[in-house]
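The values are calculated or read from the model by the stated rules, or taken from the named source; none is laboratory data. Here the structure is a predicted model, which is why all the values come from computation and not from measurement. Counting neighbours? That spans all protein chains shown, and the Cβs are built from the backbone with ideal geometry, glycine included. Note: accessible area is taken over every heavy atom of the protein model, side chains too, but ligands, DNA and RNA are not part of it. Shrake-Rupley method; radii C 1.70, N 1.55, O 1.52, S 1.80 Å.
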Amino acid sequence: MSVLQRQKKKKSILPGFGLSLGFTMFYASILVLFPLAMIFFNTASMGWSDFIKTVTDARVVASYKLSFGAAFAAGIINVIFGTIIAWVLVRYHFPGKRFIDGLVDLPFALPTAVAGIALTTLYVPKGWIGQLFTFKIAFTPIGIIIALTFIGLPFVVRMVQPVLQNFNAEIEEASASLGASRMQTFKKVIFPELMPAILTGFSLSFARALGEYGSVVFIAGNMPMKTEITPLIIMTKLEQYDYAGATAIASVMLVVSFFLLLLINIIQWWTNRKFVHS
(Lines give C-alpha, C1' and ligand atoms only; values in the text may rest on other atoms or scores of the structure.)
Protein backbone atom coordinates (compact mmCIF):
# COMPACT_ATOMS: atom_id res chain seq x y z
CA MET A 1 0.00 0.00 0.00
CA SER A 2 1.42 3.36 -1.01
CA VAL A 3 1.89 6.31 1.36
CA LEU A 4 -0.93 8.22 -0.37
CA GLN A 5 -3.33 5.31 0.07
CA ARG A 6 -2.43 5.02 3.75
CA GLN A 7 -3.06 8.74 4.26
CA LYS A 8 -6.47 8.49 2.58
CA LYS A 9 -7.33 5.51 4.77
CA LYS A 10 -6.42 7.46 7.91
CA LYS A 11 -8.63 10.39 6.90
CA SER A 12 -11.65 8.15 6.29
CA ILE A 13 -12.41 7.18 9.88
CA LEU A 14 -15.94 5.94 9.16
CA PRO A 15 -17.31 4.40 5.97
CA GLY A 16 -19.50 6.98 4.26
CA PHE A 17 -18.43 9.69 6.70
CA GLY A 18 -19.77 12.55 4.56
CA LEU A 19 -23.17 10.91 4.18
CA SER A 20 -23.31 10.04 7.91
CA LEU A 21 -22.38 13.58 8.90
CA GLY A 22 -25.00 15.05 6.59
CA PHE A 23 -27.69 12.76 7.97
CA THR A 24 -26.64 13.59 11.53
CA MET A 25 -26.84 17.34 10.91
CA PHE A 26 -30.22 16.98 9.19
CA TYR A 27 -31.59 14.83 12.01
CA ALA A 28 -30.29 17.20 14.69
CA SER A 29 -31.73 20.18 12.84
CA ILE A 30 -35.18 18.65 12.56
CA LEU A 31 -35.31 17.56 16.22
CA VAL A 32 -33.37 20.35 17.95
CA LEU A 33 -32.43 23.40 15.91
CA PHE A 34 -35.71 24.07 14.13
CA PRO A 35 -37.89 23.81 17.28
CA LEU A 36 -35.50 26.09 19.17
CA ALA A 37 -35.44 28.54 16.29
CA MET A 38 -39.23 28.76 16.41
CA ILE A 39 -38.99 30.02 20.00
CA PHE A 40 -37.00 33.05 18.88
CA PHE A 41 -39.17 33.44 15.77
CA ASN A 42 -42.36 33.69 17.84
CA THR A 43 -40.66 35.99 20.33
CA ALA A 44 -39.69 38.34 17.50
CA SER A 45 -43.38 38.99 16.84
CA MET A 46 -43.55 41.16 19.96
CA GLY A 47 -41.85 44.52 20.29
CA TRP A 48 -38.65 45.05 22.24
CA SER A 49 -40.43 47.02 24.97
CA ASP A 50 -43.06 44.30 25.36
CA PHE A 51 -40.32 41.67 25.52
CA ILE A 52 -38.45 43.51 28.29
CA LYS A 53 -41.69 44.10 30.18
CA THR A 54 -42.62 40.41 29.96
CA VAL A 55 -39.30 38.86 30.96
CA THR A 56 -38.57 41.37 33.75
CA ASP A 57 -41.96 41.20 35.43
CA ALA A 58 -41.52 40.76 39.19
CA ARG A 59 -43.45 37.48 39.18
CA VAL A 60 -41.34 36.10 36.33
CA VAL A 61 -38.05 37.20 37.90
CA ALA A 62 -39.05 35.48 41.15
CA SER A 63 -39.68 32.30 39.18
CA TYR A 64 -36.22 32.58 37.56
CA LYS A 65 -34.57 32.77 40.96
CA LEU A 66 -36.54 29.81 42.27
CA SER A 67 -36.03 27.61 39.20
CA PHE A 68 -32.30 28.19 38.85
CA GLY A 69 -31.65 28.17 42.59
CA ALA A 70 -33.61 24.97 43.23
CA ALA A 71 -32.04 23.26 40.19
CA PHE A 72 -28.54 24.20 41.37
CA ALA A 73 -29.24 23.04 44.94
CA ALA A 74 -30.68 19.74 43.68
CA GLY A 75 -27.63 19.25 41.45
CA ILE A 76 -25.23 19.76 44.37
CA ILE A 77 -27.20 17.33 46.55
CA ASN A 78 -27.19 14.75 43.77
CA VAL A 79 -23.44 15.14 43.32
CA ILE A 80 -22.84 14.33 47.00
CA PHE A 81 -25.27 11.50 47.51
CA GLY A 82 -25.13 10.20 43.94
CA THR A 83 -21.37 9.72 44.24
CA ILE A 84 -21.82 7.92 47.57
CA ILE A 85 -24.48 5.63 46.10
CA ALA A 86 -22.29 4.84 43.08
CA TRP A 87 -19.36 4.09 45.41
CA VAL A 88 -21.45 1.71 47.54
CA LEU A 89 -22.87 -0.10 44.50
CA VAL A 90 -19.43 -0.64 43.00
CA ARG A 91 -17.22 -1.25 46.01
CA TYR A 92 -19.47 -3.33 48.30
CA HIS A 93 -21.45 -6.55 48.03
CA PHE A 94 -24.60 -6.91 50.11
CA PRO A 95 -28.05 -8.54 49.88
CA GLY A 96 -30.43 -6.62 47.65
CA LYS A 97 -27.66 -4.86 45.74
CA ARG A 98 -29.21 -5.60 42.33
CA PHE A 99 -32.58 -4.36 43.56
CA ILE A 100 -31.10 -1.04 44.74
CA ASP A 101 -29.11 -0.73 41.52
CA GLY A 102 -32.32 -1.09 39.53
CA LEU A 103 -34.15 1.27 41.87
CA VAL A 104 -31.76 4.07 40.91
CA ASP A 105 -33.28 4.15 37.42
CA LEU A 106 -36.86 4.39 38.71
CA PRO A 107 -37.11 8.18 38.14
CA PHE A 108 -36.35 7.54 34.46
CA ALA A 109 -39.29 5.16 34.07
CA LEU A 110 -41.79 6.71 36.47
CA PRO A 111 -44.12 9.36 34.97
CA THR A 112 -43.19 12.69 36.49
CA ALA A 113 -46.78 13.47 37.47
CA VAL A 114 -46.95 10.22 39.44
CA ALA A 115 -43.69 11.11 41.17
CA GLY A 116 -45.05 14.56 42.04
CA ILE A 117 -48.25 13.15 43.54
CA ALA A 118 -46.32 10.53 45.52
CA LEU A 119 -43.85 13.07 46.91
CA THR A 120 -46.63 15.47 47.82
CA THR A 121 -48.50 12.72 49.66
CA LEU A 122 -45.37 11.88 51.64
CA TYR A 123 -44.30 15.41 52.53
CA VAL A 124 -47.58 17.20 53.30
CA PRO A 125 -47.89 18.15 57.01
CA LYS A 126 -49.94 14.99 57.71
CA GLY A 127 -47.94 12.72 55.40
CA TRP A 128 -45.76 9.83 56.52
CA ILE A 129 -42.59 11.92 56.35
CA GLY A 130 -44.02 15.44 56.63
CA GLN A 131 -45.53 14.78 60.06
CA LEU A 132 -42.04 14.07 61.43
CA PHE A 133 -40.97 17.69 60.93
CA THR A 134 -42.00 20.82 62.78
CA PHE A 135 -41.87 22.90 59.58
CA LYS A 136 -43.59 22.56 56.22
CA ILE A 137 -41.83 20.76 53.40
CA ALA A 138 -44.52 20.42 50.76
CA PHE A 139 -45.68 23.68 49.15
CA THR A 140 -42.33 25.32 49.94
CA PRO A 141 -39.03 25.67 48.03
CA ILE A 142 -37.73 22.73 50.10
CA GLY A 143 -40.34 20.48 48.51
CA ILE A 144 -39.33 21.70 45.06
CA ILE A 145 -35.67 20.85 45.74
CA ILE A 146 -36.68 17.37 46.94
CA ALA A 147 -38.66 16.75 43.74
CA LEU A 148 -35.80 17.97 41.55
CA THR A 149 -33.32 15.86 43.50
CA PHE A 150 -35.51 12.81 42.94
CA ILE A 151 -35.64 13.17 39.17
CA GLY A 152 -31.94 14.09 38.79
CA LEU A 153 -30.26 11.47 40.98
CA PRO A 154 -29.82 8.76 38.29
CA PHE A 155 -27.73 11.06 36.10
CA VAL A 156 -24.94 11.38 38.66
CA VAL A 157 -25.01 7.73 39.70
CA ARG A 158 -24.88 6.44 36.12
CA MET A 159 -22.05 8.83 35.22
CA VAL A 160 -19.84 8.00 38.19
CA GLN A 161 -20.55 4.26 38.39
CA PRO A 162 -18.73 3.18 35.17
CA VAL A 163 -15.66 5.20 36.08
CA LEU A 164 -15.42 3.45 39.44
CA GLN A 165 -15.97 0.07 37.81
CA ASN A 166 -13.15 0.65 35.33
CA PHE A 167 -10.78 2.16 37.88
CA ASN A 168 -7.56 0.17 38.21
CA ALA A 169 -7.33 -1.21 41.77
CA GLU A 170 -3.58 -1.60 41.40
CA ILE A 171 -3.20 2.18 41.49
CA GLU A 172 -4.87 2.28 44.91
CA GLU A 173 -2.64 -0.55 46.11
CA ALA A 174 0.45 1.29 44.90
CA SER A 175 -0.68 4.42 46.72
CA ALA A 176 -1.23 2.48 49.93
CA SER A 177 2.16 0.76 49.59
CA LEU A 178 3.79 4.19 49.41
CA GLY A 179 2.30 5.10 52.78
CA ALA A 180 -0.74 7.12 51.71
CA SER A 181 -3.81 6.97 53.94
CA ARG A 182 -7.24 6.09 52.55
CA MET A 183 -8.26 9.75 52.55
CA GLN A 184 -5.07 10.77 50.77
CA THR A 185 -5.58 8.02 48.19
CA PHE A 186 -9.14 9.14 47.55
CA LYS A 187 -8.19 12.82 47.36
CA LYS A 188 -5.07 12.48 45.21
CA VAL A 189 -5.78 9.36 43.14
CA ILE A 190 -9.48 8.50 42.93
CA PHE A 191 -11.20 11.88 43.06
CA PRO A 192 -9.33 13.41 40.08
CA GLU A 193 -10.51 10.45 37.97
CA LEU A 194 -14.09 10.92 39.14
CA MET A 195 -14.21 14.69 38.71
CA PRO A 196 -15.09 14.81 34.97
CA ALA A 197 -17.86 12.24 35.48
CA ILE A 198 -19.18 14.12 38.52
CA LEU A 199 -19.31 17.40 36.57
CA THR A 200 -21.08 15.65 33.70
CA GLY A 201 -23.63 14.17 36.09
CA PHE A 202 -24.16 17.58 37.71
CA SER A 203 -24.71 19.31 34.38
CA LEU A 204 -27.22 16.66 33.27
CA SER A 205 -29.04 16.78 36.60
CA PHE A 206 -29.06 20.58 36.56
CA ALA A 207 -30.37 20.76 32.99
CA ARG A 208 -33.05 18.16 33.71
CA ALA A 209 -34.21 20.05 36.79
CA LEU A 210 -34.47 23.40 34.98
CA GLY A 211 -37.16 22.16 32.64
CA GLU A 212 -38.99 19.90 35.07
CA TYR A 213 -42.72 20.46 35.40
CA GLY A 214 -44.72 17.34 36.23
CA SER A 215 -43.04 16.29 39.47
CA VAL A 216 -42.82 19.88 40.78
CA VAL A 217 -46.22 21.35 40.00
CA PHE A 218 -47.98 19.29 42.70
CA ILE A 219 -45.52 19.65 45.56
CA ALA A 220 -44.72 23.33 44.86
CA GLY A 221 -48.12 24.75 45.74
CA ASN A 222 -47.66 27.27 42.88
CA MET A 223 -47.90 30.40 45.00
CA PRO A 224 -46.86 33.48 42.95
CA MET A 225 -43.60 35.09 44.09
CA LYS A 226 -42.95 32.17 46.46
CA THR A 227 -43.22 28.68 44.97
CA GLU A 228 -44.03 29.31 41.32
CA ILE A 229 -41.48 27.87 38.89
CA THR A 230 -40.79 29.29 35.44
CA PRO A 231 -42.15 26.29 33.45
CA LEU A 232 -45.48 26.81 35.22
CA ILE A 233 -45.60 30.46 34.16
CA ILE A 234 -44.86 29.40 30.58
CA MET A 235 -47.71 26.85 30.73
CA THR A 236 -50.04 29.50 32.18
CA LYS A 237 -49.29 31.88 29.32
CA LEU A 238 -49.86 29.12 26.78
CA GLU A 239 -53.24 28.37 28.34
CA GLN A 240 -54.04 32.08 28.00
CA TYR A 241 -53.01 31.95 24.31
CA ASP A 242 -50.17 34.37 25.01
CA TYR A 243 -47.73 32.47 22.78
CA ALA A 244 -45.34 35.40 22.34
CA GLY A 245 -45.10 35.91 26.10
CA ALA A 246 -44.53 32.19 26.69
CA THR A 247 -41.76 31.98 24.08
CA ALA A 248 -40.18 35.19 25.39
CA ILE A 249 -39.77 33.68 28.86
CA ALA A 250 -38.68 30.38 27.32
CA SER A 251 -36.03 32.15 25.26
CA VAL A 252 -34.55 33.73 28.40
CA MET A 253 -34.44 30.33 30.09
CA LEU A 254 -32.87 28.84 26.98
CA VAL A 255 -30.13 31.45 26.67
CA VAL A 256 -29.23 31.46 30.37
CA SER A 257 -29.27 27.65 30.49
CA PHE A 258 -27.03 27.48 27.42
CA PHE A 259 -24.39 29.77 28.93
CA LEU A 260 -24.51 27.99 32.29
CA LEU A 261 -24.06 24.60 30.65
CA LEU A 262 -21.31 26.03 28.46
CA LEU A 263 -19.54 27.25 31.59
CA ILE A 264 -19.92 23.84 33.21
CA ASN A 265 -18.50 22.15 30.10
CA ILE A 266 -15.52 24.52 30.09
CA ILE A 267 -14.86 23.71 33.75
CA GLN A 268 -15.22 20.01 32.95
CA TRP A 269 -12.75 20.30 30.05
CA TRP A 270 -10.28 22.20 32.27
CA THR A 271 -10.63 19.65 35.07
CA ASN A 272 -10.17 16.72 32.70
CA ARG A 273 -7.07 18.35 31.24
CA LYS A 274 -5.56 19.26 34.61
CA PHE A 275 -6.22 16.11 36.63
CA VAL A 276 -6.61 13.24 34.18
CA HIS A 277 -3.88 14.12 31.69
CA SER A 278 -1.43 15.60 34.16
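Observations
- Condition check for residue 185: under 26 Å from residue 106 (Cβ atoms), assigned to a helix (DSSP H, G or I) and not hydrophobic (A, V, I, L, M, F, W, C): no
- Scanning the stretch 78-105 for residues that are part of a helix (DSSP H, G or I), under 30 Å from residue 217 (Cα atoms) and either more than 16 Å from the chain's Cα centre (by Cα) or not aliphatic (A, V, I, L, M) (or both) yields 78, 81, 82, 83, 84, 85, 86, 99, 100, 101, 102, 103.
- Restricting the stretch 226-278 to residues that are open to solvent by 80 Å² or more (accessible area, probe 1.4 Å) and of a type in the set (D, E, K, R), the residue that is nearest to residue 69 (Cα to Cα): 226
Yes or no, residue by residue, for (1) modelled with pLDDT of 90 or more; (2) hydroxyl-bearing (Ser, Thr, Tyr); (3) not in a helix (DSSP H, G or I):
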{"residue": "225", "(1), (2), (3)": "yes, no, yes"}
{"residue": "228", "(1), (2), (3)": "yes, no, yes"}
{"residue": "236", "(1), (2), (3)": "yes, yes, no"}
{"residue": "247", "(1), (2), (3)": "yes, yes, no"}
{"residue": "251", "(1), (2), (3)": "yes, yes, no"}
{"residue": "260", "(1), (2), (3)": "no, no, no"}
{"residue": "264", "(1), (2), (3)": "no, no, no"}
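- Taking the numbered list (1) in contact (Cβ under 8 Å) with a residue 24 or more places away in the chain; (2) over 20 Å from residue 115 (Cα atoms); (3) more than 22 Å from the chain's Cα centre (by Cα) in turn, residue 181 passes all entries but (1).
- Residue 74 vs. criteria in contact with a helix residue (DSSP H, G or I) (Cβ under 9 Å, 6 or more places away or on another chain), open to solvent by less than 30 Å² (accessible area, probe 1.4 Å), assigned to a helix (DSSP H, G or I) and touching a residue at least 12 places away in the same chain (Cβ under 8 Å): yes
- Selected residue (criterion: surrounded by the fewest Cβ atoms within 10 Å (Cβ to Cβ)) from residues of the stretch 111-144 that are small (Gly, Ala, Ser) and outside any loop (DSSP other than H, G, I, E, B): 113
- Only one of 108, 155 that is surrounded by fewer than 17 Cβ atoms within 10 Å (Cβ to Cβ), in contact (Cβ under 8 Å) with a residue 24 or more places away in the chain and part of a helix (DSSP H, G or I): 108
- Where a residue in the stretch 28-55 is open to solvent by less than 90 Å² (accessible area, probe 1.4 Å) and its partner, wherever it lies, is in a helix (DSSP H, G or I) and of a type in the set (Ser, Thr, Tyr), with Cβ under 7 Å and at least six apart: 39/247; 39/251; 42/243; 42/247; 43/247; 43/251; 51/43
- Residue 208 vs. criteria in contact with a Gly (Cβ under 6 Å, 6 or more places away or on another chain), open to solvent by 50 Å² or more (accessible area, probe 1.4 Å) and of a type in the set (D, E, K, R): yes
- Filter pass, residue 196 being open to solvent by less than 50 Å² (accessible area, probe 1.4 Å), touching a residue at least 24 places away in the same chain (Cβ under 8 Å), over 15 Å from residue 90 (Cα atoms) and under 20 Å from the mean Cα position of the chain (by Cα): yes
- Residue 202 satisfies every condition listed in (1) surrounded by 16 or more Cβ atoms within 10 Å (Cβ to Cβ); (2) modelled with pLDDT under 90 except (2).
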